[in-house]
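The structure appears below as structure tokens.
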């Protein structure tokens, strides 16, 4: 079946540091890939997505590139802020014809950014 | 903008008790989902629905039931609560539109403890 593996957290950075959170996946066919973010006390919300190989998703200074050859979708940001402190989830969709587009989530990575 | 509303936010149950977690959305979304989030384990899909009157099992349906009598509401029922059901429960919805089908909108969650 489909699966998503994220780097273990927690990750603690100083403000303006560079962020990378690794994500690799296993899937049959050609899934779409996503990063969701969960701020404290809230539900998850979509951060960015990519639907085919070599696509780059970007939002709020974050970006991730769909790498089919390495089955990866690593999240990066050049300069993190305290407000980026949250849990980040990598996910994939089954997609495909007739699918209801259920998502498979990774375990999440807690990011804490200190001033 | 209410979005996805879940009630209650917190609940403590005794083993063997029953309860219903309520979920309602005001975005006219066809798809609705129930996930549980266990610490360090990411999100697991319990049940989902592709429209009123249609429900199907997800990855971890045992011990739960759902119904979808209207587009707006998707309650989750626990009949005989067990300690293994201690978790945070998230309801989510998404549109039928092909482009946005995988953009899930999440409620803020219900923290349930079974003692």
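Quick notes on this structure:
- Residue B:44 within 14 Å of chain A (Cβ to nearest Cβ), at pLDDT below 95 and closer than 23 Å to residue B:15 by Cα: yes
- If you go through the stretch A:50-61 and keep only what is closer than 13 Å to residue A:25 by Cβ and either modelled with pLDDT of 95 or more or buried (at least 18 other Cβ atoms within 10 Å of the Cβ) (or both), you end up with just A:50.
- The single residue among B:93, B:108 that is facing chain A (nearest Cβ under 9 Å) and at pLDDT 90 or above turns out to be B:108.
- Residue within the stretch B:77-84 that is part of a strand (DSSP E or B), within 13 Å of chain A (Cβ to nearest Cβ) and either surrounded by 14 or more Cβ atoms within 10 Å (Cβ to Cβ) or in contact (Cβ under 8 Å) with a residue 60 or more places away in the chain (or both) present: no
Yes/no matrix, rows are residues, columns are (1) over 10 Å from the mean Cα position of the chain (by Cα); (2) closer than 24 Å to residue A:42 by Cα; (3) free of Cβ contacts under 8 Å to residues at least 12 places away in the same chain:
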residue: B:54; (1), (2), (3): yes, no, no
residue: B:57; (1), (2), (3): yes, no, yes
residue: B:63; (1), (2), (3): yes, no, no
residue: B:69; (1), (2), (3): yes, no, no
residue: B:87; (1), (2), (3): yes, yes, no
residue: B:93; (1), (2), (3): no, yes, no
residue: B:106; (1), (2), (3): no, yes, no
residue: B:111; (1), (2), (3): yes, yes, no
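- Residue satisfying all of: in the stretch A:12-60; under 21 Å from residue B:105 (Cα atoms) and in a loop (DSSP other than H, G, I, E, B); farthest from the other protein chains (Cβ to nearest Cβ) among these: A:60
- Verdict on residue B:102 being without any contact (Cβ under 8 Å) to a residue 60 or more places away in the chain, crowded, with 20+ Cβ neighbours inside 10 Å and in a loop (DSSP other than H, G, I, E, B): yes
- One residue stands out among those in the stretch B:8-28 that are surrounded by 14 or more Cβ atoms within 10 Å (Cβ to Cβ), part of a strand (DSSP E or B) and touching a residue at least 60 places away in the same chain (Cβ under 8 Å): the one that is farthest from the other protein chains (Cβ to nearest Cβ), which is B:13.
- Put simply, of A:64, A:91 the only residue that is surrounded by 21 or more Cβ atoms within 10 Å (Cβ to Cβ) and more than 10 Å from every other protein chain (Cβ to nearest Cβ) is A:64.
- Residues satisfying the stated conditions in the stretch B:29-51, i.e. surrounded by fewer than 16 Cβ atoms within 10 Å (Cβ to Cβ) and not in a strand (DSSP E or B): B:39, B:40, B:41
- Residue in the stretch A:78-86 that is buried (at least 19 other Cβ atoms within 10 Å of the Cβ), within 12 Å of the chain's Cα centre (by Cα) and either away from chain B (no Cβ under 14 Å) or modelled with pLDDT under 95 (or both) present: no
The values are calculated or read from the model by the stated rules, or taken from the named source; none is laboratory data. Since the structure is predicted, the reported quantities are computational estimates derived from the model, not experimental observations. All Cβ positions, glycine included, derive from the backbone under ideal geometry; neighbour counts span all protein chains shown.
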